Each structure stands twice: as structure tokens, then as C-alpha cells.
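Quick notes on the structure that follows.
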Amino acid sequence: MNDVQFAVVGKGLFGSAAARHLATFSESVAVIGPDEPADRRAHDGVYASHYDQGRLTRRADRNRLWSEMTERTFTAMTELEELTDRTIHRPVGSLTVHAAGVIPRHAREWFVDESRAPVDVTHWDADDETWRDRFSIFSFPGGSVAYYEGAPAGVLDPRQLVAANLEAVAGAGGQVVTEIVETIVETPDGVEIRRRDGLSITSDQVLVATGSFTNFFDLLARPVPTSVESETIVLATVPDEIGEQLASAPVVSFMIDDPHIADIYMTPPLVYPDGRWKVKMGANTSVDHFPMSVSDSHRWFREGPESIDEFADVAAAMISAVKSMWRGVEFIEFEFEPCIITMTANDHPIIDRISERTCVAVAGNGSGAKSSVGWGQLGADLLARRAWPDWIDRSVLSAG
Ligand SMILES: Cc1cc2nc3c(=O)[nH]c(=O)nc-3n(C[C@H](O)[C@H](O)[C@H](O)COP(=O)(O)OP(=O)(O)OC[C@H]3O[C@@H](n4cnc5c(N)ncnc54)[C@H](O)[C@@H]3O)c2cc1C
């Protein structure tokens with residue numbers, strides 16, 4: 001007899017959501033993974049994509065599948081806020097701005113075929129400047145096109161969402177185990193999950209939800225077709241009174257025209273663990289790279305973007321972009337932080353069965369937080385061999 005019926009390896013956004021879903025119908029669930037490092041510069045374990053206070057949420061997305069997964073996440077966040085007394089999501093709305101003719105990657109299909117829009121979105125063409133009065137705190141180049149999606153679009157706190165999912169797992173009688181897993185071995189009777197501390201847990205079935213580190217350990221019979229990419233953010237501190245004043249501003253996606261940065265995403269000021277209010281802005285940059293191993297990832301998280309030779313131009317572009325977007329806001333300090341994302345060729349996560357006893361749920365493609373509960377639930381249902389929704393084409397989420 002195995003220790004548990006279902007094990008989930010990885011207690012990030014996908015894994016914690018999957019474990020919570022499993023715990024709603026099974027009394028025998030364990031979720032295993034390390035906590036966030038106390039100090040990223042002196043850490044030798046694994047890192048993750050969710051160590052932050054803010055992730056943008058919106059239902060407008062690449063297609064119905066992504067939107068539906070986000071819808072499920074909104075529903076779960078409301079339930080979890082009631083259940084755990086945590087504040088997870090703030091529905092401040094979402095503003096997308098770009099030059100006429102540019103279609104944002106995250107919303108390509110949706111913007112092209114507006115008849116598929118799952119939500120009400122207000123749209124202003126390049127010759128209509130009226131949106132600027134409504135969002136007068138922001139400044140964008142003349143001739144921009146704008147879209148606004150109202151509540152519940154906004155910003156979620158990924159640390160709170162993970163914590164709430166895990167609290168719900170424990171509350172339902174599931175086990176939350178804080179340890180790295182180094183190897184998963186399938187045996188005739190089940191799965192042996194070997195932890196870094198030398199102990200093992202056995203289960204009937206295992207869901208691997210280990211984000212960017214999935215192919216860096218001996219967890220799967222074959223690697224999943226993902227690529228791992230560095231991501232750089234700037235945290236721009238504002239005075240407390242400005243933070244409080246601007247906290248309800250919408251999240252922003254801005255397709256900037258710049259040689260060093262592209263595809264900006266930005267939150268309103270949020271309170272960070274040091275108690276200060278910070279605007280978080282991220283972007284694709286000209287120095288993004290592809291860590292291929294645990295040691296590459298360690299170097300990136302320990303040393304951060306400042307260790308890259310050509311980073312000065314990117315840093316200047318990021319600071320200039322933040323300053324230019326907020327009208328009349330004084331910033332106190334700018335800090336740069338490293339992060340990592342997991343991508344696939346078709347811009348969808350992999351939610352698939354790899355073998356008789358192992359499933360995988362990975363690859364948020366840079367925007368998986370807002371739909372993480374949906375992806376986690378799909379992975380959990382697959383693991384438990386529950387019915388797969390008719391309208392979801394399994395091949396889109398296949399590991400190949
Ligand atoms: C800078 C940045 C900004 C982003 N902005 C947005 C946004 O605005 N909106 C949005 O929707 N998404 C955004 N994302 C993407 C989103 O955060 C990810 O898609 C999401 O975190 C993916 O969830 P995950 O569970 O797959 O991976 P993760 O959140 O990385 O979790 C994986 C977990 O697996 C664990 N793990 C790894 N290896 C092992 C092992 N060997 N044993 C046990 N556990 C292990 C890790 O500790 C981690 O907890 C952003 C990402 C980054 C980096």
C-alpha cells in the first residue's frame with residue numbers, strides 16, 4: 001500500500017492548485033516542494049516563477065481555452081479569500097496600449113476576432129484620445145490604440161494564492177511536505193518519490209508541476225518540450241502616500257517601441273515584504289537568455305540581471321519607461337530582480353499523461369498565474385482519470 005493515492009511534486013501556482021483540487025475528492029493527497037528561498041543570493045535549491053507580490057490578470061487572452069482557465073482562477077480566488085481570510089486578488093482593471101497595427105501577443109486571436117470576446121472590453125482607436133482623460137495618471141505616445149477590461153481583471157498576489165491553496169489542502173486533510181524531489185521512479189506498485197533529504201514518499205499516481213526546473217531533475221521518463229527563459233523586472237519604490245493613492249490604478253500592458261525592451265507589463269504600486277510601496281514593471285529585454293541547467297538557473301537568480309555585461313542599456317530603458325508612463329510620479333529607488341519563465345512552441349501549457357502513473361502540468365508561457373487554478377485543476381482531473389472536457393483539444397496541451 002502506498003503512502004498516498006495522489007502526490008503532486010511542486011507547490012507553485014499550478015501544483016498547489018492541483019493539490020487543492022485533488023483534496024476536494026480524495027482524502028489521500030500530498031504536495032511536495034520547497035518554500036521560497038529566504039535569500040535568493042545565497043540559495044542552492046530550486047527557484048520558481050512566483051516569488052512576487054503581483055501578477056496581471058485579465059480574461060481577454062489568446063483564445064477561449066486560456067480565458068476559461070482564467071475564469072476558473074477568478075472563481076477559486078473568490079472562494080479562497082472567503083475560506084482563508086487572505087487578500088489574493090484586487091480587481092483594478094486592465095489597460096492594454098499599443099501602436100496602431102501592433103497586435104499584442106497575449107491577445108492575438110482575441111483581438112483579431114472580437115466576436116469571440118469573452119468579456120466586455122472598451123476599445124479606443126488611434127484617432128480617439130478620450131481614454132487619456134479616464135486614465136490621466138498615465139502617459140503614452142500619441143496615436144496609440146487602447147483597450148480596457150474592467151473588474152475582475154486586475155492583479156493577483158501569487159504568494160498569497162499559493163499559500164491559500166496549500167492552506168486549503170491542509171484543511172482538507174492533505175499533506176504539505178517542504179522538500180525538493182530529486183528522482184521519481186515508477187515501480188510495479190506505484191511511484192517512489194525520492195526527496196533530497198534521503199526520504200521517500202510512495203503514491204499511486206504523481207503529478208509533476210515543477211515549472212522551470214522540470215527537465216533539470218530526474219523526474220520524468222523523458223524531458224518535456226519546454227524552454228526556460230530569463231525574465232527581468234524593475235521594482236520602482238514610491239512614497240507611501242503616493243502608493244496608497246495609486247493602488248487602484250489598472251494594470252498595464254504596453255507594447256513599447258524600444259531597441260532594448262518590448263512587451264511591458266506593469267502593476268500599480270503594491271506593498272512589498274519590506275513594507276514599501278513599489279510599482280512592478282517587467283518586459284522582454286535584449287539580454288534575455290535561456291538557462292539550460294540547475295547551475296545556469298542558480299547563477300541567474302544569485303547574480304541577477306546586473307551581472308550581464310550589456311544590462312546597463314536595458315536598465316536605463318526600463319527606468320525611463322516606468323518614469324515616462326506615470327505622469328508626475330516621483331520614484332525613490334529602482335531595484336532589478338531576476339525571474340524565470342517556462343515556454344512551449346504553441347504558447348500553451350503542457351497538461352498531459354506521460355506514463356501509466358505520471359502526469360505533468362507545466363509551462364505558463366509567461367502568463368500562467370492568472371489561469372493557474374484552471375491548469376492545475378485540469379492536471380489533477382487527468383491524474384485522477386476524471387472526464388476530460390469535450391471542448392478542450394488534448395493535442396494542444398500534449399507533451400508530444
Ligand atoms: C517576472 C514574471 C512576471 C510574470 N507576470 C505574469 C503576469 O503578469 N500574469 C500571469 O498570469 N503570469 C505571469 N507570470 C507567469 C507566472 O508566474 C507563471 O506562469 C507561473 O508561476 C507558473 O506556475 P508553475 O506552478 O508552473 O511554476 P512555478 O510558479 O515556478 O512553480 C513551480 C514550483 O515547483 C517547485 N519545484 C521545482 N523543482 C522542484 C523539485 N525538483 N522538487 C520539488 N519542487 C520543485 C518550485 O519550488 C516551485 O514552487 C510571470 C512570470 C514572471 C517570472
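The values are calculated or read from the model by the stated rules, or taken from the named source; none is laboratory data. Keep in mind that what you see is a predicted model, and the values were worked out from it rather than measured. No Cβ is skipped: glycine too gets one built from the backbone with ideal geometry, and neighbour counts run over all protein chains shown. Protein only, heavy atoms only, side chains kept; ligands, DNA and RNA dropped before computing areas. Shrake-Rupley method; radii C 1.70, N 1.55, O 1.52, S 1.80 Å.
Of the helices (runs of 4 or more DSSP H) lying entirely inside the range 281-400, those carrying at least 2 residues that are surrounded by 17 or more Cβ atoms within 10 Å (Cβ to Cβ), modelled with pLDDT of 95 or more and among the β-branched types (Val, Ile, Thr) are 311-325.
For the range 230-280, the candidate set comprises residues that are assigned to a strand (DSSP E or B) and either away from the ligand (no atom under 16 Å from the Cβ) or open to solvent by 30 Å² or more (accessible area, probe 1.4 Å) (or both); within that set, the residue that is nearest to residue 158 (Cα to Cα) is 271. Only one of the listed residues (198, 282) is small (Gly, Ala, Ser) and at positive phi. That residue is 198.
Restricting attention to the range 11-65, report how many residues are more than 9 Å from the ligand (Cβ to nearest atom), within 13 Å of the chain's Cα centre (by Cα) and either part of a helix (DSSP H, G or I) or modelled with pLDDT under 95 (or both). Residues flagged as more than 9 Å from the ligand (Cβ to nearest atom), within 13 Å of the chain's Cα centre (by Cα) and either part of a helix (DSSP H, G or I) or modelled with pLDDT under 95 (or both) within the range 11-65 amount to 0. Residue 164 meets all of the listed conditions (1) out of contact with any Pro (no Cβ under 6 Å at 6 or more places or on another chain); (2) open to solvent by 20 Å² or more (accessible area, probe 1.4 Å); (3) away from the ligand (no atom under 11 Å from the Cβ); (4) of a type in the set (Gly, Ala, Ser) but one, namely (2). Flag: residue 88 does not match the condition of being more than 16 Å from the chain's Cα centre (by Cα), touching a residue at least 12 places away in the same chain (Cβ under 8 Å) and open to solvent by less than 10 Å² (accessible area, probe 1.4 Å). Within the bounds of the range 169-177, is there any residue that is part of a helix (DSSP H, G or I), surrounded by 22 or more Cβ atoms within 10 Å (Cβ to Cβ) and in contact (Cβ under 8 Å) with a residue 24 or more places away in the chain? Yes, the range 169-177 contains a residue that is part of a helix (DSSP H, G or I), surrounded by 22 or more Cβ atoms within 10 Å (Cβ to Cβ) and in contact (Cβ under 8 Å) with a residue 24 or more places away in the chain. When the range 138-158 is filtered for residues that are away from the ligand (no atom under 16 Å from the Cβ), among the hydrophobic types (A, V, I, L, M, F, W, C) and either part of a strand (DSSP E or B) or under 17 Å from the mean Cα position of the chain (by Cα) (or both), the ones remaining, listed by number, are 138, 145, 146.
Residue 233 meets each of the listed conditions (1) in contact with a strand residue (DSSP E or B) (Cβ under 7 Å, 6 or more places away or on another chain); (2) touching a residue at least 24 places away in the same chain (Cβ under 8 Å); (3) more than 22 Å from residue 369 (Cβ to Cβ) apart from (3).
Screening residue 75 on (1) open to solvent by less than 20 Å² (accessible area, probe 1.4 Å); (2) away from the ligand (no atom under 13 Å from the Cβ); (3) of a type in the set (Val, Ile, Thr) shows it passes everything except condition (1).
Scanning the range 216-229 for residues that are open to solvent by 40 Å² or more (accessible area, probe 1.4 Å) and either more than 10 Å from the ligand (Cβ to nearest atom) or in contact with a helix residue (DSSP H, G or I) (Cβ under 6 Å, 6 or more places away or on another chain) (or both) yields 216, 221, 222, 223, 225, 227. Evaluated against (1) free of Cβ contacts under 8 Å to residues at least 12 places away in the same chain; (2) more than 21 Å from residue 98 (Cα to Cα), residue 220 falls short on exactly one condition, (1).
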